[in-house]
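What follows is calculated from the coordinates using simple rules that are stated; it is not laboratory data. The structure displayed is predicted, hence computed values, not measured ones. Please note: Cβ atoms are built from the backbone with ideal geometry, for glycine as well, and neighbour counts cover all protein chains shown.
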Amino acid sequence: MHCAVGGDVPPTYSLFDTRDPSGAFATQMGDDIIANCRRPSGAVDNQQLRQIMDMVVTYVNNQTGVLPSVCAGSSQVNNNPTDPDEWNWDSWYALLVPSYYVNDLNFTRRGKVFSILGAGIGKDESKILALLAHSEFTSTVRRPLEDHAVKNLIQSAGSGQNVVEQIVRHYSTHSTVFLCGMIRAAIALGYLPRKDIEALYDMARKC
């Protein structure tokens, strides 16, 4: 089992309401695991963190048959890549959107991006919240959406593609969104098959 953790920045727990006993327990357990994986420098040892998370998820799955939905697209289940640095997404974005504003992306290409991301993410609330809380995405936006706003978008959307499109539209209106940040987060979380990632990347090769 492999639930990817990206970057050296410890995950945040904005997904959980710590006033709820389950949320408080999850937060404490997560903090304990992260603390156990800190190097003397204070940075997180990602390899050790992944190994422990794999062990925890595998143990729970073996004992109960339950697999967390956030791990449903994990590399072991679908053999999906989890390293976004296999591709140069900055160059990809610069070729597709020279102005750097997502609204200037060709309509057909924008629809293809939304379609591929939507197929990989779907309308799974936990997967979407995990993606929007991932450091690969949060590092590219100024004002993250509140969880309740994301849930409203999910409920009003007709499909996974619509969810992605509405999230991008929101950020384009109220802040700045870089699609490469969303793509990198989706890859780091194991949401996208390699063939879909290559289909996205080929868009720039054909410019």
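Here is how the numbers come out for the structure above:
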{"quantity": "Cβ-defined net charge surrounding ILE183, 15 Å radius [Lys, Arg +1; Asp, Glu -1]", "calculated": "-2"}
{"quantity": "Cβ-derived FRET efficiency at R0 25 Å, ASP32 paired with GLN63, nearest 0.05", "calculated": "0.80"}
{"quantity": "Stretchable slack from ALA43 to GLU86, in nm (0.36 nm times residue separation minus alpha-carbon distance)", "calculated": "13.2 nm"}
{"quantity": "Unit charges on C-beta of K, R, D, E only; dipole of the stretch 84-205, Debye", "calculated": "240"}
{"quantity": "Listed peptides 109-118, 37-46, 79-88 by packing density, highest first (mean Cβ within 10 Å)", "calculated": "109-118, 79-88, 37-46"}
{"quantity": "Cβ-derived FRET efficiency at R0 25 Å, SER22 paired with ARG143, nearest 0.05", "calculated": "0.35"}
{"quantity": "Cα pair distances of the stretch 102-170 binned at 10 Å [whole percent]", "calculated": "21, 55, 24, 0"}
{"quantity": "Stokes-Einstein D in µm²/s, Kirkwood radius over Cα pairs - the stretch 84-205 at 10 °C with 1.306 mPa s viscosity", "calculated": "112"}
{"quantity": "Exposure proxy order (Cβ contacts within 10 Å, fewest to most) of TYR171, TYR93, TYR59, TYR191", "calculated": "TYR59, TYR93, TYR171, TYR191"}
